[in-house]
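Q: Before anything else, here's the structure in question.
The values are calculated or read from the model by the stated rules, or taken from the named source; none is laboratory data. All values reported here derive from a predicted model rather than from experimental measurement. Heads up, the Cβs are rebuilt from the backbone with ideal geometry, glycines too, and the neighbour counts pull from every protein chain shown. Areas reflect the complete protein model, heavy atoms only, side chains present, ligands, DNA and RNA absent. Shrake-Rupley method; radii C 1.70, N 1.55, O 1.52, S 1.80 Å.
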Amino acid sequence: MIDLTPRKLLLLDHYADGDEARHFSLRIDKPLAGDLAVIPGQFFMLAVPGFGEAPFTYLSLPDQQGHFNALVRRMGALTQALFEQPMGAVLGYRGPFGKGWPLFFCARQVLVVAGGCGLVPLAGVIEEASRHRLPVHLSVVYGARNRAAQVLGRERGRWRQSLRFIETCDEAEPPQRQGSPLDHFDELFAAEPPEAVLCCGPEALMLATAEACLQRGVAADKIWLSLERRMHCADGLCGHCYLGTSYVCKDGPTYRYDRYLHFQAGGYRTFIAQDQRLC
Ligand SMILES: Cc1cc2nc3c(=O)[nH]c(=O)nc-3n(C[C@H](O)[C@H](O)[C@H](O)COP(=O)(O)OP(=O)(O)OC[C@H]3O[C@@H](n4cnc5c(N)ncnc54)[C@H](O)[C@@H]3O)c2cc1C
Ligand code: FES
């Protein structure tokens, strides 16, 4: 039976991380075995008493004591209330949900494209690659509106030391690079043509990235996106998160681009025999 009752989640600490975003340190009270089996790209439901629940991505994965981090952007009532919670506040937790990024790489050269807070769901993959725990060569291009809108300042500082990490802003200040991530594709593809692409950000950026990569010869089944939809149950019950016949909360939020197109066109859900292999 599906249990929709949130469990206790403790707010341990938080700090400002970019314009209108905060980095939260959280702990699941009495973590269960399933709480520790999280894959980068999966998400959890966070409840703020009196304000309901919303989905957020794991920025770091829960450790044995249930500690993990999240990055939250202020949007509306729930996130505003979360920003006002004191240290030690008791929140609600359900998770993990959805499918994560493919982590069994046969591709050697992988390009990560992130826009705005879309860097958060990709952080686990970038962290693993930066610590040489994935058998891939990863390049990252991260776009934001301007410097104030960039998130994960501390993490980016670390990743720049060990990965090719390009940062670009729509409203750049020298010496920043100017433009969207796509403006740097010619350079990236000339230096290290990717065999596979992982992308997360505004849907318009993800679709433009997928099309630009297809034109440059990356196959649709080697391009992965992470979708954002309104969610309520997060467990395939309520239908708030439909992508065609697919439930983003269960089948996604990560989708191979060919499968995204299939569902977008109204294709059947039985097509979803999607494994998390990037071969
Ligand atoms: C799988 C998944 C992972 C997510 N991970 C993160 C994360 O790591 N960090 C983070 O800051 N946010 C994340 N989000 C988005 C987050 O859930 C919303 O910002 C949050 O629900 C806003 O709640 P609110 O009550 O503060 O704002 P609301 O009042 O509910 O919304 C404010 C505005 O944002 C829009 N909006 C809210 N939720 C969504 C949504 N899911 N899709 C599209 N538009 C929406 C509303 O239409 C409205 O215009 C994620 C969403 C999904 C589906
Ligand atoms: S959120 Fe209810 S079915 Fe996906």
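Q: Would you calculate a helix-derived [θ] at 222 nm for the chain, using -39,500 (n - 2.57) for each DSSP H run of n ≥ 4 and dividing by the full residue count, to the nearest 500? Present the calculation step by step, with values, prior to reporting the outcome.
A: Numbers: 7 runs with 61 residues, N = 279.
The helix-only estimate for the chain comes to -6000 deg cm²/dmol at 222 nm.
Q: Measuring with a 1.4 Å probe in the full set of protein chains, what accessible area per residue, in whole Å², belongs to the chain? Could you put the intermediate results ahead of the total?
A: Working: 12440 Å² over 279 residues.
For the chain, the solvent-accessible area averages 45 Å² per residue.
Q: In addition: Where the centroid of each part is defined by its Cα atoms, how far is segment 133-204 from segment 42-62 in Å?
A: If we compute the Cα centre of each part, the gap is 26 Å.
Q: Still on this structure, please answer the following. Determine the distance separating the Cα centre of segment 66-93 from the Cα centre of segment 23-38; give it in Å without decimals.
A: So the separation of the two Cα centres works out to 15 Å.
Q: Relative contact order for the chain: what is it in percent, counting Cα pairs under 8 Å that are at least 6 residues apart? Show your work: numbers first, answer last.
A: Details: 590 pairs, mean separation 51.2, N = 279.
Value for the chain: 18 percent.
Q: Which value results when the Cα radius of gyration for segment 7-97 is divided by 2.2 N^0.38 Å? Before the final figure, lay out the partial values.
A: On the way: Rg = 12.0 Å, N = 91, 2.2 N^0.38 = 12.2 Å.
In units of the 2.2 N^0.38 Å rule of thumb, it is 0.98.
Q: Also, I was wondering about something else. So how much slack lies between Gln109 and Asp221, counting 0.36 nm per residue of separation and subtracting their Cα-Cα distance, in nm? Please report the intermediate quantities before stating the final value.
A: Values: separation 112, 0.36 × 112 = 40.32 nm, distance 1.50 nm.
So the extension gain works out to 38.8 nm.
Q: Cross-link candidates for Lys250: which lysines have Cα within less than 22 Å, leaving aside residues fewer than 8 places away along the same chain?
A: Lys99, Lys222
Q: Where does the longest stretch of the chain lie that holds no GluC sites (Glu not before Pro) found in a DSSP loop with 13 or fewer other Cβ atoms within 10 Å? If you can, show how the numbers build up before the last one.
A: Numbers: sites that count: Glu84, Glu171.
With GluC sites (Glu not before Pro) excluded where exposed in loops, the chain gives 172-279 as its longest stretch.
Q: So how much slack lies between Val90 and Phe51, counting 0.36 nm per residue of separation and subtracting their Cα-Cα distance, in nm?
A: Details: separation 39, 0.36 × 39 = 14.04 nm, distance 1.32 nm.
Extending this stretch completely gives an extra 12.7 nm.
Q: For labels at Arg133 and Arg269 in the simple 7 Å Cα→Cβ model, what's the distance in nm?
A: 3.3 nm
Q: Something else about it: Where a ≥ b ≥ c are the square roots of the eigenvalues of the C-alpha gyration tensor, would you call the chain rounded, which needs a/c under 1.5, or, failing that, prolate if a/b is larger than b/c, or oblate?
A: Values: a/c = 1.66, a/b = 1.23, b/c = 1.34.
It is oblate, given that a/c is not under 1.5 and a/b is not larger than b/c.
Q: For labels at Arg154 and Met75 in the simple 7 Å Cα→Cβ model, what's the distance in nm?
A: A separation of 2.4 nm, rounded to one decimal place.
Q: What is the percent carbon and sulfur in the accessible area of the chain, measuring with a 1.4 Å probe over the protein chains and ignoring ligands? Numbers along the way, then the final one.
A: Values: 6600 of 12440 Å².
Answer for the chain is 53 percent, counting heavy atoms of protein chains only.
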